[in-house]
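The values are calculated or read from the model by the stated rules, or taken from the named source; none is laboratory data. On a predicted model such as this, the values are computed, not experimentally measured, just so you know. Neighbour counts are summed over all protein chains in view; Cβ atoms, including those assigned to glycine, are modelled from backbone coordinates with ideal geometry. SASA here: full protein model, heavy atoms, side chains in, ligands and nucleic acids out. Shrake-Rupley method; radii C 1.70, N 1.55, O 1.52, S 1.80 Å.
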Amino acid sequence: MNVHIANPALSMDAYLGQFAEPEGYLDFARFGPVSAAVSERMALSARMVHSEGGRGLATLEGLHVPSRAAAARLLAAEEHEVAFVGSTSHGLFAAAQALSRRSGVILVPRNDFPSNVYPWLRAAERGGLQVRWMDGPVTPDSIRPLLDDTVKAVAVSAVDSFTGALAPLAAIKELIGSQRVLVVDAVQAFGAVEFDVDAADVLASGGQKWLRAGWGAAALLVRDRVADMLEPGLGGWSGVQNPLNGEPHPHEPLRGAAAHTLTNPDPAAVAAYGVAAGLVLQVGLRQIHGRITETLAALLDAAAGQGAQLRYPRPGGGIGSFTMPGADPVALNAALAQAGVTTTMRDGWHRLAPHASTDAQIADALAGVLARHAHAA
């Protein structure tokens with residue numbers, strides 16, 4: 001199910017007025033400059049912990065509830081199915097350890113971003129699920145030959161961090177069935193891209209990229225339908241019932257995702273996360289994704305028009321990649337930066353990652369730089 005609201009309370013123009021990143025900034029897959037509302041929340045949180053002592057802390061901790069509600073709404077989840085941890089990697093390590101007492105195999109994309117690789121390798125080294133690699137785009141067709149009775153879980157990114165390929169999560173979940181756990185790294189999608197969120201059994205997503213919430217907090221989703229398959233492998237004192245009531249430890253785990261938390265999250269980061277999620281809910285995820293798609297298409301068309309080779313012409317997520325045959329990629333990357341076009345380069349490929357606030361006219365600047373390099377080549 002793709003999550004959006006039918007009657008947004010914030011116009012797109014008002015939403016766009018929240019942002020002030022440089023005009024040619026196309027690097028949201030690395031970091032998303034925050035909104036004015038998030039910036040104000042961060043500053044207010046800092047003032048509160050500077051001058052208000054325990055009262056300020058109590059106020060910040062009280063913002064955990066609306067922040068969790070906003071994240072749960074974007075995840076089509078019950079509130080107790082969502083908790084906050086420090087980062088996407090933290091959430092994925094928690095997932096890996098939660099599954100570590102199950103014997104069998106997890107399918108992991110070999111070329112995925114490392115945050116969705118090393119949690120599973122480290123768990124396997126300590127007797128957890130053994131890693132079986134998947135190559136190429138993760139689809140039902142690539143998974144099907146690898147499935148057997150030993151496979152207990154599948155790890156996948158909702159959007160590939162480099163190619164922008166959008167994983168067909170609903171079809172993957174239908175294929176693997178209810179007795180296997182689908183674990184999703186959603187950091188390259190959450191808050192900007194419509195994806196099959198209800199197919200995810202376990203999901204982690206930090207807020208520093210497309211959600212534009214800054215660092216320090218990530219949503220961890222653990223759906224009730226798989227709760228009995230997991231153990232609180234990284235669950236610390238914040239994940240147990242009444243940890244400070246004076247009764248001898250150990251205490252019973254909490255219900256829901258909170259059972260998998262190490263400690264209380266940064267309350268200021270959680271408050272910022274809630275503000276960012278609230279903005280997405282107010283304007284509507286479908287509207288945000290639509291603008292991103294249009295702008296990315298314009299950028300990729302401009303690149304192709306100058307002879308660039310595209311990794312995927314229409315990748316589905318908010319990320320696209322190109323390379324210029326015959327051009328020095330390092331020199332081209334420097335020329336793009338000189339022209340005010342901010343991208344990421346990896347292995348000779350240039351990654352484009354615009355947001356809804358990106359002016360589609362930046363495609364003209366991109367085309368101009370590429371035209372000069374195509375002529376030089």
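Let me have the 222 nm mean residue ellipticity of the chain computed from DSSP H runs of 4+ only, each contributing -39500 (n - 2.57), with the sum over all residues rounded to the nearest 500. The partial results should precede the final answer.
Details: 12 runs with 136 residues, N = 377.
Calculated at 222 nm, the ellipticity per residue is -11000 deg cm²/dmol.
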So, in nm, how far is label GLN179 from label GLU252 when the simple model puts each one 7 Å beyond its Cα toward the Cβ?
-> 2.8 nm
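Using a 1.4 Å probe on the protein chains only, how many percent of the accessible area of the chain belongs to carbon and sulfur?
Values: 8260 of 15810 Å².
With neighbouring chains kept in place, the figure for the chain is 52 percent.
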Which of ALA71, ALA219, ALA227 moves most in a GNM of the chain, Cα contacts under 10 Å?
-> ALA227
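Give me the net charge for the shell around ILE319: Cβ to Cβ below 12 angstrom, other residues only, Lys and Arg +1, Asp and Glu -1. Don't jump to the answer; show the numbers that get you there.
Values: positive: ARG30, LYS209, ARG311, ARG314, ARG346, ARG351; negative: ASP27, ASP160.
Computed value for this residue: +4.
If you take every DSSP beta bridge whose two residues both sit in the chain, what share of them, in percent to the nearest 5, is antiparallel? Before the final figure, lay out each step's value.
Numbers: 20 of 38 bridges.
Within the chain, antiparallel bridges account for around 55 percent of the total.
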Expressed per residue, the solvent accessible area of the chain in Å² (1.4 Å probe) is about 42 Å²
Long-range amide H contacts for GLY104: which residues qualify at under 5 Å (H placed 1.01 Å from N, peptide plane, sequence gap of 5 or more or a different chain)?
-> GLN130
Quick one: Kirkwood hydrodynamic radius for the stretch 1-93, alpha-carbon pairs, angstrom, one decimal?
-> 16.2 Å
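Taking 2.2 N^0.38 Å as the expected size of a compact globular protein, what ratio does the Cα radius of gyration of the stretch 224-341 give against it, to two decimals?
Working: Rg = 23.7 Å, N = 118, 2.2 N^0.38 = 13.5 Å.
This ratio for the stretch 224-341 stands at 1.76.
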Once phi is turned into θ = phi - 60°, what whole-Hz ³J(HN,Hα) does the Karplus curve with 6.51, -1.76 and 1.60 give for every residue of the stretch 43-51, x standing for Gly and Pro?
-> 5, 5, 4, 5, 5, 5, 6, 6, 10
